[in-house]
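A.B. asks: Sending over a structure as structure tokens; questions will come in a sec.
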């Protein structure tokens, strides 16, 4: 049975190709959405790009026929533009027609009641789904962008019980290669993905390992790390191993987990090790600069042009978490807070550290850089894809965040850019994934208790 779907504007701004994502069913947009896309076409960053791309797609369909009568899509469905049906009389009292969401809902009611199309409104805006339901309109999220709960559970590490002889062997040899020794290991070890970590244990014995394409490596230590940072648990050992690996070995590292697990702290420590005053075994793998960023949820629609000051001053308030971590790292070298502050200013002034708004990364080609994107769960799939594809030769990308702390109104734990990148890159030999748990919190007993007990 053919179904009819009305796409909300936010669906197209997240994924212009969503028009083609409904198999052989009918896809509608309304006049309000066309006007909203027109209003976004000159916006900077991701929003403007998506609006322009969507307009190009619609224009190519317009050349094939009358959009109000429906144009055939390659997948067997039809695409319609519904220009009518906006009336406050179709809505409950208190729903103003001046609100774009209400105009779209009114068009849905018109299609259902007047044109006799049983319509389903597709939107990732939770509030709009609530309002549509109140107005009697069927609604759902755009499920094509969602990662299933089973798929999204990859952790990047595992614990494997095995015979003590394997642990003894690995401690002696420090690795198991493809010379035949790897084939003798337990099946679960041999089936691990490249760059996956494992704790092999037998009773009180255990060994930390990392799977490579050429075998299994024993992790006895990591470092040295900038500021004398030392890992406080096994998960931090795994994270630092991946973060300190040269860009030609592991160019993408994805860190997931709750606050207090040191995701940003470790990322900056590893970046400074190979960029600013690089030291020890890793000094040969320096990057030109560290680019730090995170999605700007509050101003993603408006663009930074509405804020006062230059680009750096516009983004500094978004990046205070980086400053806190830089202060913590540099305080281990300088006791004087004034010296720490001066050193951070020097890093910014000399370009060792660059603030790089995520929405403005499209179009850049970044070579020999170390990119850290924090709060990546608030970025869309297309924006995260843009960040990763901007990586040039010698560049390492670190994505960090907590998929359970999504602030963007159009994203959730199953369709945000962080979980999207993790799911699609997890088995690549160019990527390492480390998912921290609540037990890995290293802040304070109070912070650890709050993470565990103060849940919604």
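A.B. asks: Checking residue 183 against (1) part of a helix (DSSP H, G or I); (2) under 35 Å from the mean Cα position of the chain (by Cα); (3) modelled with pLDDT under 80, only one condition comes out false. Which one?
C.D. replies: Condition not satisfied by residue 183: (2).
A.B. asks: Which one of 106, 96 is farther than 14 Å from residue 27 by Cβ and loosely packed, with under 12 Cβ neighbours inside 10 Å?
C.D. replies: Residue meeting the stated conditions: 96.
A.B. asks: Next question, about the same structure. Return the total of residues in region 197-233 being touching a residue at least 60 places away in the same chain (Cβ under 8 Å) and within 28 Å of residue 329 (Cα to Cα).
C.D. replies: 7
A.B. asks: I would also like to ask the following. Look at residue 22 and say whether it is closer than 29 Å to residue 384 by Cβ, in contact (Cβ under 8 Å) with a residue 40 or more places away in the chain and in the same structural domain as residue 113 (by TED's automatic domain parsing).
C.D. replies: Taking the combined requirement at face value, the residue satisfies it.
A.B. asks: Can you tell which of 432, 338 is farther than 23 Å from residue 259 by Cα and either crowded, with 21+ Cβ neighbours inside 10 Å or over 12 Å from the mean Cα position of the chain (by Cα) (or both)?
C.D. replies: After applying the criteria, what remains is 338.
The rows are residues; the columns are (1) closer than 17 Å to residue 431 by Cβ; (2) in a helix (DSSP H, G or I).
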{"residue": "193", "(1), (2)": "yes, no"}
{"residue": "200", "(1), (2)": "no, no"}
{"residue": "227", "(1), (2)": "no, yes"}
{"residue": "237", "(1), (2)": "no, yes"}
{"residue": "243", "(1), (2)": "yes, yes"}
{"residue": "250", "(1), (2)": "yes, no"}
{"residue": "253", "(1), (2)": "yes, no"}
{"residue": "259", "(1), (2)": "no, no"}
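Here's the yes/no breakdown for (1) over 23 Å from residue 270 (Cβ atoms); (2) in contact with a helix residue (DSSP H, G or I) (Cβ under 7 Å, 6 or more places away or on another chain); (3) at pLDDT below 85; (4) surrounded by fewer than 24 Cβ atoms within 10 Å (Cβ to Cβ):
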{"position": "366", "(1), (2), (3), (4)": "no, no, no, yes"}
{"position": "372", "(1), (2), (3), (4)": "no, yes, no, no"}
{"position": "377", "(1), (2), (3), (4)": "no, yes, no, no"}
{"position": "397", "(1), (2), (3), (4)": "no, yes, no, no"}
{"position": "401", "(1), (2), (3), (4)": "no, yes, no, no"}
{"position": "423", "(1), (2), (3), (4)": "yes, yes, no, yes"}
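A.B. asks: Just give me the residues in region 28-49 being touching a helix residue (DSSP H, G or I) at 6+ places or on another chain (Cβ under 6 Å) and under 20 Å from residue 73 (Cα atoms), in sequence order.
C.D. replies: Selection gives 30, 33.
A.B. asks: Related question: Of the numbered conditions (1) at pLDDT below 90; (2) surrounded by fewer than 22 Cβ atoms within 10 Å (Cβ to Cβ); (3) in contact with a strand residue (DSSP E or B) (Cβ under 7 Å, 6 or more places away or on another chain), residue 216 satisfies every one except a single condition; which is it?
C.D. replies: (2)
A.B. asks: Tell me, which strands (runs of 3 or more DSSP E) wholly within region 63-179 include 2 or more residues that are in the same structural domain as residue 13 (by TED's automatic domain parsing) and under 31 Å from the mean Cα position of the chain (by Cα)?
C.D. replies: Qualifying strands (runs of 3 or more DSSP E): 119-122, 138-140.
A.B. asks: Something else about it: Test of understanding: among 292, 344, which residue is at pLDDT 55 or above, crowded, with 16+ Cβ neighbours inside 10 Å and in a strand (DSSP E or B)? Before you say what the answer is, go through the steps one by one.
C.D. replies: Numbers: 344 fails: in a strand (DSSP E or B).
From the options 292, 344, the qualifying one is 292.
A.B. asks: For the condition surrounded by 18 or more Cβ atoms within 10 Å (Cβ to Cβ), assigned by TED's automatic domain parsing to the domain that holds residue 425, within 29 Å of the chain's Cα centre (by Cα) and in contact (Cβ under 8 Å) with a residue 60 or more places away in the chain, what is the one hit in 254, 237? Lay out the reasoning, then the answer.
C.D. replies: Details: 237 fails: in contact (Cβ under 8 Å) with a residue 60 or more places away in the chain.
Result: 254 is the single residue among 254, 237 that is surrounded by 18 or more Cβ atoms within 10 Å (Cβ to Cβ), assigned by TED's automatic domain parsing to the domain that holds residue 425, within 29 Å of the chain's Cα centre (by Cα) and in contact (Cβ under 8 Å) with a residue 60 or more places away in the chain.
The values are calculated or read from the model by the stated rules, or taken from the named source; none is laboratory data. Because the structure is a prediction, the values reported are computed rather than measured. Quick reminder, even Gly has a Cβ in these numbers, built from the backbone with ideal geometry, and neighbours come from all protein chains shown.
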